[in-house]
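Here's the structure we're looking at; comments come further down.
The values are calculated or read from the model by the stated rules, or taken from the named source; none is laboratory data. All values reported here derive from a predicted model rather than from experimental measurement. Glycine also receives a Cβ, built like all others from the backbone with ideal geometry; neighbour counts cover every protein chain displayed.
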Amino acid sequence: MDDQNLKELEREQADNKLINDAFQHLIDTYVASRHRKKVDIVTKAFNFARQAHKGVRRLSGEPYIMHPIAVAQIACEEMGLGSTSICAALLHDVVEDTDYTVEDITNIFGAKIAQIVDGLTKISGGIFGDKASAQAENFKKLLLTMSDDIRVILIKICDRLHNMRTLASQPANKQYKIAGETLYIYAPLANRLGLNKIKTELENLSFKYDHPQEYANIEHKLADTEAQRDNLFAQFTAPIREELDKLGVKYKIKARVKSPYSIWNKMQNKHVSFDEIYDILAVRIIFTPKERANEVNECFNIYVAISKIYKSHPDRLRDWLNHPKANGYQALHVTLMSKQGRWIEVQIRSDRMDEVAEQGFAAHWKYKEGEKEYTEDENELNDWLGTNKETLADPQPDAMDFLDAIKLNLFASEIFVFTPKGEIKTMPADCTALDFAFQIHTFLGSHCIGAKVNHKLVPLSHKLQSGDQVEILTSKSQHVQPAWINFVSTAKAKSKIQAILRRDNREIQKKGEEVLSEWLQKNAMETTTSIVDKLCDFHNIQKHENFFLALGNHTIILGEKDLDELQGKNKKEKQSSSWRNYIPFLGSKSKEKKPEIGTVKKEELFIVGKDFNKKKPLIITEENINQFIFPTCCHAIPGDDIMGFIDNKNRIEIHKRACQIAAKLKSSYGNRIVDAKWDMHKQLLFDATIEIQGIDRKGMLLDVSKVISDQLGVNIHKLTISSDNGIFDGTIELRVHDRDEVKKVTDMLKNIEDLQDVQRIL
C-alpha cells in the first residue's frame with residue numbers, strides 16, 4: 001500500500017511540475033509581448049481552471065489542465081492576443097466540463113471574459129457529439145457568436161490547433177472525423193481570418209492523419225531536395241542582397257517552402273508528380289520601412305531595384321498593396337526568372353504586413369496608434385460577418401447545404417469589380433453578373449435580366465473578371481428561375497435563390513400534401529410518417545418535401561401500384577418491374593454482372609447493429625466485400641486510403657478519404673465515420689481508368705498495349721484513343737487487383753517514347 005501511495009505522490013509531483021512549468025512559460029511569453037501586463041488576472045484564471053479540472057486526465061494520460069494552458073499559449077504566442085483572450089482560453093472548458101456556470105465566471109472574472117467563455121461553450125457542446133449534423137449546427141452557432149466577439153472564433157481555432165497537435169491519442173475513426181472537419185471548415189476559416197501560419201499547420205496535420213503514407217513520402221522528398229533548394233536560394237538572393245544593401249534598406253530575406261499539403265493538393269489537382277512542381281521554393285523579402293506611412297512606395301522601390309537584376313513575368317504581378325485581400329493580407333508578388341532558368345516568386349512586404357500575413361486580424365491591433373491592448377474594432381471583418389448573417393438568417397434545411405454555403409464565403413481568392421459610378425467591390429473569383437446583382441441587393445438579383453459589362457450586353461451567367469465595370473439591368477416581370485442555382489457561385493446569391501424557390505415550393509408542397517391526404521382517405525388510410533416513407537422509397541425519393549413537391553407538380557400521380565406497395569402486394573413483382581428486364585440484351589448483361597463489386601442484393605448488405613464498435617477498424621476482405629456499398633463518386637480500389645460511412649439505412653459506404661463527398665461527410669456527419677482497412681490477396685479484379693496524352697506516331701498503340709498486356713499481364717477492358725493534329729489523348733480501362741498494379745502500369749507507360757502524360761483518373 002505504501003508503495004502505491006509513494007507512486008501516486010511521485011506522479012502528483014511530476015504532474016505539478018509539468019503544469020507549473022507550462023504555466024510559467026505562458027506567463028513569460030505574455031510578459032514579453034506588447035500587451036498590458038495583467039499577470040494577476042491570468043494567474044487567477046489559471047488557478048481557477050486548475051482547481052475546476054483537478055483529477056481529470058486527457059486520453060493521452062496527461063492532466064486535463066495542460067490542454068487549456070496549451071490553448072492559451074497558442075493564443076498568446078502564435079496569435080498575439082492579450083489578457084482577456086488568455087483568460088478565456090484557460091477557462092474555455094470550465095463551464096462545459098464542470099459544475100461552474102457562466103454566472104460564476106461573470107462574478108469572478110467580469111462580463112467580457114464570461115461572454116467569450118459562454119460563446120465557446122455554446123459551440124463546443126456537440127462538436128464531438130452523436131447527433132447527425134451536429135457539426136453544422138455548431139458551426140452555425142460559431143458564426144453567430146463570432147459576430148458578438150471575434151475572439152470567440154480565434155480561441156476556437158487555437159483549441160482546434162491543439163486538438164490536431166495531440167490527435168495521435170484518438171482512435172482512427174475520430175482522427176478522420178476531426179481531420180476532415182478541420183480541413184473542410186477550420187483551415188478555410190483560419191485562412192479567411194488571415195492566420196496563414198495556423199492555416200498551413202491545420203492543413204498539414206489533417207493531411208498527415210488522412211494520408212500518412214503520402215505525407216511521409218512528400219516529407220522525405222522535401223528532405224532529399226533540401227540541399228538543392230538551399231543552393232538555388234543562395235545563388236538567387238546574393239545579387240538581390242547586394243542591391244538592397246546599396247539602397248540602405250533594413251531587410252530580412254526568407255525562403256518559403258511549399259507545405260506538404262499544398263504540394264499534395266497540387267499533385268492531385270494538376271495530375272503532376274513531385275518533380276514537376278516548380279514553385280516549391282518562393283522568396284520573401286521583409287523590410288522595416290524608414291517611414292511607416294511610406295511603406296507601400298518602399299515595396300515598389302524594392303521591386304524596381306530587383307527587376308533590374310532579373311526579368312519579371314509580365315502576367316504574374318500581384319498587387320495586394322493597394323487592394324488588400326479580404327483577410328487583411330498585403331504584399332507585392334512578382335515572379336522572376338532565375339539564372340538557372342526557373343521562375344521564382346518573390347513576395348515583398350513590410351514587417352507589419354508580414355505579421356498581419358502570419359497572425360491575421362489579431363496582428364492589426366498591435367499597430368493601432370496609442371493602443372496597447374486589443375480593442376473591439378473589427379471593421380475589416382464586418383462585411384464578411386454581414387454576409388454570413390444573411391446566410392444564417394435563412395438557414396439551409398440540410399446540414400451539407402449549409403456547410404457548402406458557408407464554405408463559399410471562406411474562399412479568399414478575390415477579384416475587384418467596379419459599379420457604373422466607379423465604386424470598387426470585392427467579389428470572389430469565378431463569380432457571375434447575377435452574383436454581383438445579389439451582392440448589391442436581393443431585389444436587384446431577383447429581377448435581374450442581364451448586365452452590361454464594360455458597356456457590352458452580357459447574359460446573367462457571364463463570368464466577371466477583375467477590373468470589369470458592371471451595370472445590372474432589371475425588369476419587374478422577371479422572377480427567380482430554378483436554373484439560376486447552377487451558375488451562381490457566391491453563398492449570398494445561392495442562399496437567396498434557394499430561399500425564394502423554397503417559398504414558392506411551399507405552396508406547391510401544400511397542394512401535394514392535400515393530394516396525398518385525399519387519395520389516402522379514398523383508400524381508407526391516414527397520413528402517417530411510415531406511409532410517406534414507404535411511398536418515398538417506392539418512388540426513389542429521399543426527402544418528404546421533394547415527394548410532396550412532385551405530387552403538387554403532378555410529376556407523380558398516385559395509382560394502383562402505390563396502393564399495392566402500401567398493402568405489401570408488390571414484393572414479388574418489384575424485382576421484375578424494371579424496364580431493363582424487358583430488353584433482351586440488357587437483361588442478359590445484368591445477369592452476367594452479378595459478381596461485380598458494389599452491385600449487391602439489398603438482403604446481402606451488412607447492416608450496422610447496436611453492438612457495432614465504431615472504434616475498431618472495418619477489415620475488407622474478399623469474403624465480405626460484397627456486403628458494403630462502393631459509391632461511384634470516388635471508386636475506391638484496394639490500396640487506396642479509405643473510410644466507412646454509415647448511411648441513413650445503417651448500411652456502410654466505402655469512400656476514398658480524399659473523395660470530395662467524403663470531405664463533406666466527415667464535416668457534417670462525423671459521428672458516422674468508421675475506420676476501414678483492406679486485407680486483400682490479389683484474387684478479385686477491379687476497374688481502374690487511366691488517362692494518357694502524347695505525341696502521335698506509328699506504333700504508339702502497339703507500344704501501349706505491349707507494356708500493359710505483354711509485360712505486365714494486365715487485362716485491358718476498354719481502350720479509347722483520339723488523335724488531333726499529331727497530338728493524341730485516350731482513356732484505358734483496366735482490370736487490376738489493387739492500386740500498386742495501377743502504379744506499375746503508369747510508371748511503365750511513362751517510359752514509352754512520346755508519351756507525355758499518364759495519370760489514374762478513376
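Conditions (1) surrounded by fewer than 18 Cβ atoms within 10 Å (Cβ to Cβ); (2) in the same structural domain as residue 445 (by TED's automatic domain parsing); (3) of a type in the set (A, V, I, L, M, F, W, C); (4) without any contact (Cβ under 8 Å) to a residue 24 or more places away in the chain, marked per residue:
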site	(1), (2), (3), (4)
509	no, no, no, no
512	no, no, no, no
522	yes, no, no, yes
532	yes, no, yes, yes
536	yes, no, yes, yes
547	no, no, yes, no
556	no, no, yes, yes
560	yes, no, no, yes
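To keep it simple, each residue is scored yes or no on (1) closer than 27 Å to residue 625 by Cβ; (2) aliphatic (A, V, I, L, M).
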| residue | (1), (2) |
| --- | --- |
| 655 | yes, no |
| 715 | yes, no |
| 720 | no, no |
| 728 | no, no |
| 738 | yes, no |
| 745 | yes, yes |
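Identify, from the list 650, 613, the residue that is among the polar types (S, T, N, Q) and either in contact (Cβ under 8 Å) with a residue 40 or more places away in the chain or in the same structural domain as residue 178 (by TED's automatic domain parsing) (or both). Walk me through how you get there before you give the answer.
On the way: 613 fails: either in contact (Cβ under 8 Å) with a residue 40 or more places away in the chain or in the same structural domain as residue 178 (by TED's automatic domain parsing) (or both).
The match here is 650.
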Identify, by number, the condition in (1) in contact with a Leu (Cβ under 8 Å, 6 or more places away or on another chain); (2) under 23 Å from residue 661 (Cβ atoms) that residue 212 doesn't meet. (1)
Residue satisfying all of: in the stretch 226-262; touching a helix residue (DSSP H, G or I) at 6+ places or on another chain (Cβ under 8 Å) and hydroxyl-bearing (Ser, Thr, Tyr); farthest from residue 202 (Cα to Cα) among these: 251
Of 156, 112, which residue is surrounded by fewer than 19 Cβ atoms within 10 Å (Cβ to Cβ), closer than 18 Å to residue 85 by Cα and modelled with pLDDT of 65 or more? 112
Among the residues of the stretch 32-56, write down those that are free of Cβ contacts under 8 Å to residues at least 60 places away in the same chain, in a helix (DSSP H, G or I) and surrounded by fewer than 19 Cβ atoms within 10 Å (Cβ to Cβ). 32, 39, 40, 43, 47, 51
Some residue of the stretch 683-699 being under 23 Å from residue 640 (Cβ atoms), charged (D, E, K, R) and either in the same structural domain as residue 753 (by TED's automatic domain parsing) or more than 27 Å from the chain's Cα centre (by Cα) (or both): yes
Mind listing whichever residues of the stretch 627-684 are at pLDDT 85 or above and aromatic (Phe, Trp, Tyr)? 628, 630, 645, 678
What number of residues within the stretch 81-103 are surrounded by fewer than 22 Cβ atoms within 10 Å (Cβ to Cβ), touching a residue at least 24 places away in the same chain (Cβ under 8 Å) and of a type outside the set (S, T, N, Q)? 3
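Would you mind finding the one in 19, 27, 41 that is of a type in the set (A, V, I, L, M, F, W, C) and under 20 Å from residue 114 (Cβ atoms)?
41
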